[in-house]
Amino acid sequence: MAQVAFTRNLQRFFPDLEETEVPAQTVAALIQALDQRWPKLSSYLVDDQGRLRRHVNIFVDEVIIRDRETLSDTLHADAKVFIVQALSGG
Amino acid sequence: MAGRHLLVGTRKGLLQFILRDGAWYFDWLAFEGIQVPYACFDARSQTIWASVDHGHWGQKLHRSKDFGKTWQEIEVPKYPEDARLKEDKPAALDLIWVIEPGGVDEPERLYLGTNPGGLFVSDDGGDTFTMNAPLWNDPSREPFWFGAGKDSPGICSILVNPKNAKHLTIAVSVGGVYASFDGGLSWEGRNRGISSEFLPDPNSEFGHDPHFMTHCPAQPEVLWQQNHVGIYRSTDAGKNWQDISEKEGPARFGWPICACETNPEVAWVVPAQSDMSRVAVGGALCVSRTEDGGKSWQHFRQGLPQTHCYDIVYRHAFDNDVEHLAFGSTTGNLFASGDGGECWSTLGNYFPPVYSVRFYQT
């Protein structure tokens, strides 16, 4: 089960968002599973074509994922996933 | 709740003002800290629609059916998987730039103009949207549509003929004006008379840059556009356009344009210096009005800043109803007029940059 943590900024839009465990073998599958529990959450993380949004980062075991287009990075059984916004804007 | 209201979409949220005893007062703020590129009211369903752009988290669409007390997030439109941009990149939603209710006889229809270059249509009151394929697949799109201030072309104006809801006229910035007479099943260009010096062929059928286009609701065959290269008017639903820019004078370059609800000879613009210097003309704001179909322009300055002014007005940030005009600027100034644009009062000077201003009445 991958352990998933989120930036607190997302709680503004998903007040009951919390750290969770998800059975998923890829980042894409993880996003899909998260959307089941928190409907529309995936649309905050990926665009309408399924690509990671430009100002969103996903770390797996403290390393930024490589495939931002199809989110094919694999997750091992105890992967620690951190979903966070890039620090940009004004 | 009955009365006149003003929706102001800004860099940092959506503000509503309400008219009481002839003066505008702040009513509420929604989406604090988040960009609201556009908001409007659909009188048919008594719904406020808001385009909400989170930056990090993407473009969203919200609606309120209780006049702004609560908001519901709608599933955002999705580009078809086979919709491709130049260099074969997949098209993905970047911006919901304009929202337009359909005709009174089609109460469930709603249009969205998006970047990149999408016209999305809902026939279920905005619950779901599909992209208008005939416009996307028009052979003129790929060679003639391109981004100007943005990376991609966007649909900035959507006009539904009040006398015939199947008659649509849209403006693409950059791309030009298109019309449909069958509710969007087929499209044709409407750019004759526009001369764009930035094109290899200035009189090309497509590739022009209408910054904003509007019509006279009482005579919808009369169209007005503030184009990148000047101000134009058409009296035949866009078949032919006449350049009505001032040769000497400020009424030439700018973004927004308002048309009188009843008189097809009357319109207003807020001029800017030029595309090379996007500031108020001579450091002073004015609103220019024509009352003779663009043959002549009057310039009104009373109540507007006349020194050290760098304000420009974005294409959706100027609106009128039967009695009032209002506009907001990139510098966060917000002004209203109750006398046809001759005298202006200040609603505030410290708002965020203003993206859209739209009146509604309940």
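Odds and ends about this structure:
- Net +/- balance of residues flanking A:ASP16 in space, Cβ distance below 14 Å, scoring K and R +1, D and E -1: +2
- Its residue count N fixes a reference of 2.2 N^0.38 Å for region B:1-156, and the Cα radius of gyration divided by that reference is 1.11.
- Each Cα pair under 8 Å and six or more residues apart adds its sequence gap; the mean of these over the residue count of chain B is a relative contact order of 12 percent.
- Selected from B:LEU223, B:LEU95, B:LEU85 as most flexible by GNM, with chain B as the system and alpha-carbon contacts under 10 Å: B:LEU85
- The mean number of partner chain beta-carbon atoms within 10 angstrom of a residue's beta-carbon across peptide A:39-47 is 4.
- Among the GluC sites (Glu not before Pro) in region B:177-230, those located in a DSSP loop and surrounded by at most 12 other Cβ atoms within 10 Å of their own Cβ are B:GLU197.
- Model label points for B:SER186 and A:GLN3, set 7 angstrom from Cα along the Cα-to-Cβ axis, are 6.4 nm apart.
- Springs join every pair of Cα atoms under 10 Å in this Gaussian network model of chain B, and among B:PRO305, B:PRO90, B:PRO202 the largest mean-square fluctuation is at B:PRO90.
- Charge dipole (region B:45-200, unit charges on Cβ, about Cα centre) - positive-most of B:GLY113, B:ALA148, B:GLY102: B:ALA148
- Distance from region B:104-145 to region B:1-78 (C-alpha centre basis), Å: 21 Å
- Test item: B:241-254 mean partner chain Cβ contacts at 10 Å: 0
- The simple spin-label model puts a point 7 Å past each Cα toward its Cβ; for B:ARG301 and B:ASP88 those points are separated by 5.8 nm.
- Most tightly packed first, judged by the mean number of other beta-carbon atoms within 10 Å of their residues, the peptides B:286-292, B:266-272, B:338-344 read B:266-272, B:286-292, B:338-344.
- Annotation: the residues B:ASP82, B:ASP243, sorted from fewest to most other C-beta atoms within 10 Å of their own C-beta, follow the order B:ASP82, B:ASP243.
- Quotient of C-alpha Rg and 2.2 N^0.38 Å, computed over region A:2-85: 0.96
- Cα-derived Rg to Rh of region B:1-89, Kirkwood definition: 1.09
- Karplus-derived HN-Hα couplings along region B:305-316 (A = 6.51, B = -1.76, C = 1.60, θ = phi - 60°), whole Hz, x at Gly and Pro: x, 10, 9, 6, 10, 10, 5, 10, 10, 5, 5, 9
- Rounded to whole Å, sorted largest first: equivalent-ellipsoid semi-axes of chain B, Cα gyration tensor: 28, 26, 20
- Max mean-square fluctuation residue, GNM over chain B, Cα-Cα springs under 10 Å, options B:ILE170, B:ILE158, B:ILE48: B:ILE48
- Rounded FRET efficiency, nearest 0.05, which uses the C-beta distance separating A:HIS76 from B:ILE18 and R0 of 60 Å: 0.55
- Evaluating kT/(6 pi eta Rh) at 37 °C and 0.692 mPa s, with the Kirkwood radius of the protein assembly as shown over Cα pairs in the Stokes-Einstein relation, gives 143 µm² s⁻¹.
- Kirkwood hydrodynamic radius over Cα pairs of region B:167-221, then Stokes diffusion coefficient at 25 °C and 0.890 mPa s, in µm²/s: 206 µm²/s
Since every read-out is calculated from the coordinates, none of them should be taken as a lab result. Everything numeric here is computed off the predicted structure, so don't read it as measured data. Glycine also receives a Cβ, built like all others from the backbone with ideal geometry; neighbour counts cover every protein chain displayed.
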